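Chemist: Dropping the structure in here first, questions after.
Values quoted throughout were computed directly from the atomic coordinates according to the rules given, and no laboratory measurement underlies them. Only a predicted model underlies this, so the values are computations on that prediction, with no experimental measurement involved. Heads up, the Cβs are rebuilt from the backbone with ideal geometry, glycines too, and the neighbour counts pull from every protein chain shown.
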Amino acid sequence: MNLRFHWMLPKSGEVVLQGVQTPREAARFRVESTRVDSPAARPEMEGWIHFAQQAEKAGIESVLVALNRYEPDPFMVSCALGRATKQLKFIVAYRSGLMQPTIFVQQVNTLSGLIDGRVDLNIVAGSSTAEQHGYGDFLAHDERYARAEEFLAVCNAFWRSDREVDFEGRYYRVEKGKLNTPFIAPDRAAPEIYISGHSEPSEQLARSQGTCWLRVADTPEKLASTVSRMRTQGIRVCLRLGLICRPTRAEAISVAKSILPEDKHETTTSLKDDSQMYREGAAVAEDAHWLSRNLWAGLVPHYGPVWTVLLGSPEEVAEAFLAYKKIGVSEFIISGWPEIDEVNRFGREVLPLVRDAEAKRW
Amino acid sequence: MRMTKNLRFHWMLPKGGEVGMKTAQETNRVLTTKSTSPAAIPDMEGWVKFARQAEESGIESVLLSFSRYEPDTIVIACAIGQFATKLKFIVAYRSGLIGPTSFVQQLNTLSGLLGGRVALNVVAGSSTAEQRGYGDFLEHDDRYERAGEFLSICNSFWQNKNEVNFEGKHYHIEQGKIHTPFTAPDRSAPEIYISGHSAQAQQLARERGSCWLRLIDTPEKLAPAVKSFREQGVEVALRLALICRPTYEEAVAAGKAMLPDEDIRKQERTILGTSDSQTLHHALAVADEVGWMSRNLWAGTVPYYGSSAITLLGSPQELAGCFLEYKKIGVTQFIISGWPKLDEMIIFGRDVLPLVREAEAREQTRN
């Protein structure tokens with residue numbers, strides 16, 4: 001199977017339709033998106049549609065649509081954008097604990113029927129405790145995983161059989177649950193379920209209820225044994241990373257450095273205090289910002305683990321993707337600065353090299 | 001000079017597949033609750049056609065009904081809304097299924113995508129069995145208490161620029177914050193229709209709603225309640241079915257022709273019997289005991305099509321007169337359905353609405 005490439009949907013207002021945006025400006029927009037007056041709070045279709053068209057052209061399979069209190073709801077955004085596109089799929093991020101599983105399945109199934117089944121899920125057990133409290137969720141980190149386990153067990157029961165769903169757990173109870181609207185897709189009866197996180201419970205959740213484990217990129221050496229374990233159990237592995245591809249590695253590095261904040265105290269990591277993924281990300285970065293010749297974590301202490309960056313020339317970047325393929329990684333969710341420039345460059349210069357190599361070597 | 005606002009007319013969005021159906025019998029509830037029913041599948045072609053016709057016919061909004069037999073209302077509104085420019089969407093939802101913070105986030109996002117063309121019909125719950133399938137095990141009265149808390153939190157998000165804090169029996173929110181605002185040219189929160197006949201429903205409408213939505217009855221019966229709602233600044237909307245034909249006799253004949261066979265009747269009564277909705281029990285009693293509530297108001301279809309099938313029927317002139325009678329007692333809005341779904345709305349827009357508007361214009365000049 002060829003590697004699958006997904007991209008992060010830019011935040012609302014992030015895509016600049018006229019003029020140029022520097023990587024630094026794009027990074028600033030993203031960092032400042034948590035401000036109450038940020039345009040990221042208001043859905044704006046024009047920029048999204050433009051991005052979606054470019055992403056389709058670039059050979060991107062899906063976009064990941066994030067959930068947080070600073071941005072519009074990912075179901076609504078995916079529905080509106082999905083109606084305006086033909087091929088692109090939508091990985092809708094959602095947290096368990098915000099909705100009852102039956103109604104969640106009803107929304108996912110309805111969405112599938114409206115956009116030809118182009119919907120998948122990224123289930124997050126929770127991010128920051130403060131944000132969860134604002135959503136009315138007061139469980140601690142590990143309990144959130146136990147609840148997510150039950151949540152997905154109920155969802156999967158709806159998707160995997162035509163019978164009524166009965167469930168009695170610690171967090172959810174459903175009696176004769178029945179939804180007439182099915183998940184509608186040309187090739188499957190349920191969405192793919194990406195489970196993200198670095199903690200042991202997240203791995204376990206991915207294995208028991210997911211189809212794919214989603215984590216931040218690390219070196220192939222560090223990831224190899226976990227990836228192989230996941231694959232043995234039939235779970236795919238997807239890596240989340242930032243990408244800076246330039247004609248030479250030196251140019252890519254200088255772009256990456258340009259994103260570093262002037263004020264070193266400015267961080268988003270403090271917002272997500274009880275996520276093991278975020279704590280690990282911060283620790284790794286302090287030890288060594290260069291995880292390998294092409295994998296740089298220099299932005300991580302300032303902006304969080306998903307800002308781990310793969311950088312280099314098109315050839316170097318293509319080789320890096322293939323090295324991950326060798327250890328069993330099957331897909332990637334990529335970000336760039338700005339998203340739209342990087343997705344175009346990726347489609348033009350990197351993806352053809354990857355596909356050539358896949359045709360020759362596999 | 002006293003200005004009175006024009007009556008507002010909304011229509012029920014047909015279920016999936018219904019726009020193409022020609023007879024009322026095809027749309028009865030026994031059929032639409034079957035898992036093989038087209039009602040379960042999103043029907044964009046039919047809906048877009050209906051939405052465009054509704055705009056042409058002078059309809060302000062469509063109401064999207066919520067049940068386990070149909071697609072999700074919020075998601076559907078998002079998709080159809082892209083194909084209309086004026087039409088608003090009254091999204092029916094039950095409290096207890098989604099946390100209030102997430103619910104506000106979805107509605108606010110929808111408002112931003114549709115230029116604010118979204119309103120809310122909150123239902124505390126319909127049948128106990130259906131609620132249990134959604135993971136909700138509260139009884140009728142507790143559901144209303146929870147709906148009160150739910151809407152109180154939603155309203156705080158809509159009224160407050162700051163953080164929302166709430167500690168109640170059913171919900172607990174600490175420093176709740178949603179950055180995506182409700183966006184509309186003229187409002188900072190959706191209109192909230194509260195439906196139900198029970199005392200709890202009425203109280204909820206007074207405390208948390210902008211409009212009480214109930215089944216149609218005769219103006220005489222409704223007058224005192226309507227008056228008291230209006231005095232408290234809450235509007236009243238009536239839910240009804242409509243049969244308009246050139247003459248009264250033709251309308252009556254069209255109504256009788258909709259009655260289905262005995263088989264469907266039995267099954268429908270079984271479905272209705274499982275509900276713990278007071279609204280429904282009232283409607284059934286009316287249907288069984290009287291049938292004709294007045295010369296133009298007929299409950300004969302209720303046993304087959306559900307409580308919202310109480311039908312106002314007659315000639316265009318008679319019907320326009322009826323709507324104006326309701327206006328006189330303080331009713332401001334109507335949510336209508338008809339059979340076939342598309343045709344009745346076309347007739348209404350062509351034959352009834354102009355008469356209502358003319359009369360309203362005359363009334364304005366007189367004042």
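Chemist: Quick one: 3J(HN,Hα) in Hz for the range A:175-189, Karplus 6.51/-1.76/1.60 with θ = phi - 60°, rounded, Gly and Pro as x.
Modeler: Coupling constants for the range A:175-189: 10, 6, x, 8, 10, 7, 7, x, 6, 10, 8, x, 10, 7, 10 Hz.
Chemist: When each pair of different Cα atoms in the range B:163-226 is counted once in the 1/r mean, what is the Kirkwood radius in angstroms, to one decimal?
Modeler: 14.7 Å is the Kirkwood radius here.
Chemist: Oh, and also: Looking at the range A:10-54, which chymotrypsin sites (Phe, Trp or Tyr not before Pro) are DSSP coil and have at most 14 other C-beta atoms within 10 Å of their C-beta? Numbers along the way, then the final one.
Modeler: Values: sites: A:F29, A:W48, A:F51; in loops: none.
Taking the range A:10-54 and a limit of 14 other Cβ atoms within 10 Å, no loop chymotrypsin sites (Phe, Trp or Tyr not before Pro) are found.
Chemist: Evaluate the relative contact order of the range B:189-260 (contact order divided by residue number), counting alpha-carbon pairs under 8 angstrom at least 6 apart; express in whole percent.
Modeler: Relative contact order of the range B:189-260: 25 percent.
Chemist: Next question. In whole angstrom, how long is each semi-axis of the equivalent ellipsoid of the range B:111-155, when you take the square root of 5 times every eigenvalue of its Cα gyration tensor and sort them from largest down?
Modeler: Equivalent ellipsoid semi-axes, largest first: 25, 13, 8 Å.
Chemist: With a ≥ b ≥ c the root eigenvalues of the C-alpha gyration tensor of the range B:112-231, is it rounded (a/c under 1.5), prolate (a/b larger than b/c) or oblate?
Modeler: Working: a/c = 1.87, a/b = 1.22, b/c = 1.53.
It comes out oblate by the Cα gyration axes.
Chemist: With 10 angstrom as the radius, rank B:L113, B:L87 by how many other C-beta atoms surround their C-beta, starting from the fewest.
Modeler: B:L87, B:L113
Chemist: Need one word for chain A: rounded, prolate or oblate. Basis is the Cα gyration tensor (sqrt eigenvalues a ≥ b ≥ c); a/c below 1.5 gives rounded, then a/b vs b/c decides.
Modeler: It comes out rounded by the Cα gyration axes.
Chemist: Continuing with the same structure: Which residues' amide hydrogens lie under 5 Å from the amide hydrogen of B:A119, considering only partners 5 or more residues apart or on another chain, with H built in the peptide plane?
Modeler: Those qualifying (amide H under 5 Å, at least 5 residues apart or on another chain) are B:F89, B:I90, B:V91.
Chemist: Mind checking A:26-38 for the average number of partner chain beta-carbons within 10 Å of each residue's beta-carbon?
Modeler: Partner-chain Cβ atoms within 10 Å, mean over residues of A:26-38: 1.
Chemist: Any lysines with Cα under 17 Å of the A:K178 Cα? List them, leaving off those in the same chain fewer than 8 positions away.
Modeler: Excluding near neighbours in sequence, the set is B:K34.
Chemist: Across peptide A:178-187, what mean number of C-beta atoms from other chains lies inside 10 Å of a residue's C-beta? Mind dumping the intermediate values first?
Modeler: On the way: counts 8, 10, 15, 12, 3, 0, 4, 0, 0, 0.
Per residue, the number of nearby Cβ atoms from other chains is 5 on average.
Chemist: May I ask what percent, to the nearest 5, of DSSP beta bridges between residues of the protein assembly as shown are antiparallel?
Modeler: That works out to approximately 15 percent antiparallel.
Chemist: No other cysteine beta carbon under 4.7 Å away is the test; run it over the protein assembly as shown and list who passes.
Modeler: A:C155, A:C212, A:C238, A:C245, B:C154, B:C211, B:C244, B:C322
Chemist: What residue among A:G304, A:G113, A:G134 has the largest mean-square fluctuation in a Gaussian network model of chain A, using Cα springs under 10 Å?
Modeler: Residue with maximal mean-square fluctuation among A:G304, A:G113, A:G134: A:G134.
Chemist: Is the shape of the range A:120-242 best called rounded, prolate or oblate, per the rule: a/c under 1.5 gives rounded, else a/b larger than b/c gives prolate, else oblate, with a ≥ b ≥ c the square roots of the Cα gyration tensor eigenvalues?
Modeler: oblate
Chemist: Ok, one more. Over chain A, what is the relative contact order in percent, taking alpha-carbon pairs closer than 8 angstrom and at least six residues apart? List each step's numbers first, then the result.
Modeler: Values: 658 pairs, mean separation 68.1, N = 362.
So the answer I get is 19 percent.
Chemist: Count the DSSP beta bridges whose two residues both fall in the range A:125-251, then state the antiparallel fraction as a percent rounded to the nearest 5.
Modeler: 25 percent
Chemist: Can you list residues from other chains, or at least 5 along the same chain, whose modelled amide H is less than 5 Å from the amide H of B:A241?
Modeler: B:I310, B:T311, B:L312, B:S337
Chemist: Run down the aspartates and glutamates and flag those whose C-alpha is under 15 Å from the C-alpha of B:K86, throwing out any fewer than 8 positions away in its chain.
Modeler: B:E55, B:E56, B:E60, B:D186
Chemist: With a Cα-only, solvent-free Debye model of the range A:205-261, what are the log10 I(q)/I(0) values at q = 0.12, 0.14, 0.20 Å⁻¹?
Modeler: Debye output, listed in q order: -0.44, -0.55, -0.77.
Chemist: Treating the beta-carbon of each Lys and Arg as +1 and of each Asp and Glu as -1, no other charges, what is the dipole magnitude of the protein assembly as shown about its Cα centre, to the nearest 20 debye?
Modeler: Roughly 740 debye, rounded to the nearest 20.
Chemist: Further question: Could you work out which residue, out of A:L67, A:L214, A:L223, moves most in a Gaussian network model of chain A, that is, has the largest mean-square fluctuation with Cα springs under 10 Å?
Modeler: A:L223
Chemist: Out of every Cα pair in chain B, what percent are spaced more than 27 Å from each other?
Modeler: 46 percent
Chemist: Okay, moving on. For B:56-62, what's the mean count of beta carbons from other chains sitting within 10 Å of each residue's beta carbon? Mind showing how you got there, number by number?
Modeler: Values: counts 0, 0, 0, 0, 0, 0, 0.
The per-residue average across the peptide is 0.
Chemist: When the chain is fully extended, how far beyond the present Cα-Cα distance does B:E145 get from B:E167, taking 0.36 nm per residue of separation? If you can, show how the numbers build up before the last one.
Modeler: Details: separation 22, 0.36 × 22 = 7.92 nm, distance 1.36 nm.
Gain in length upon complete extension: 6.6 nm.
Chemist: What number does the range A:22-120 give for Rg over Rh if you use C-alpha atoms and the Kirkwood radius?
Modeler: Radius of gyration relative to Kirkwood radius: 0.98.
Chemist: Pairwise over distinct Cα atoms, reciprocal of the mean inverse distance: report the Kirkwood radius of the range A:186-225 in Å, one decimal place.
Modeler: Working: mean 1/r = 0.0882 Å⁻¹.
Evaluated over the range A:186-225, this radius sits at 11.3 Å.
Chemist: Positive end of the dipole of the protein assembly as shown, charges at C-beta (+1 Lys, Arg; -1 Asp, Glu), about the Cα centre: which of B:I243, B:P181, A:L241 has its Cα farthest in that direction?
Modeler: B:I243
Chemist: Taking just the C-alpha trace of the range B:177-268, give me its Rg and Dmax in Å.
Modeler: Spelled out, the Cα radius of gyration and Dmax of the range B:177-268 are 18.9, 58 Å.
Chemist: Moving on. What's the Kirkwood radius of the protein assembly as shown in Å, using all Cα pairs?
Modeler: 27.3 Å
Chemist: Apply the Karplus curve 6.51 cos²θ - 1.76 cosθ + 1.60, θ = phi - 60°, to the phi angles in the range B:168-174 and return the couplings in whole Hz, x for Gly and Pro.
Modeler: Once rounded to whole Hz, the list reads x, 7, 10, 10, 9, 10, 10.
Chemist: To the nearest Å, what is the center-to-center distance of the range A:309-362 and the range B:94-133, using C-alpha atoms only?
Modeler: Centre-to-centre distance over Cα atoms comes out at 41 Å.
Chemist: Taking amide H atoms as placed 1.01 Å from N in the peptide plane, list the residues 5 or more away in sequence, or in a different chain, whose amide H sits under 5 Å from that of B:S195.
Modeler: B:V122, B:L213
Chemist: Continuing with this model, one more query. Under a cut-off of 20 Å between alpha-carbon atoms, report the lysines in cross-link reach of B:K221, not counting same-chain residues fewer than 8 places apart.
Modeler: B:K327, B:K328
Chemist: What percent do you get for the relative contact order of chain B when only Cα pairs under 8 Å and 6+ apart count?
Modeler: 20 percent
Chemist: Hey, with R₀ at 25 Å, roughly what FRET efficiency would A:A153 and A:Q233 work out to, going by the Cβ-Cβ distance, to 0.05?
Modeler: Details: r = 17 Å, r/R0 = 0.68.
Given R0 = 25 Å and the Cβ-Cβ separation, E is 0.90.
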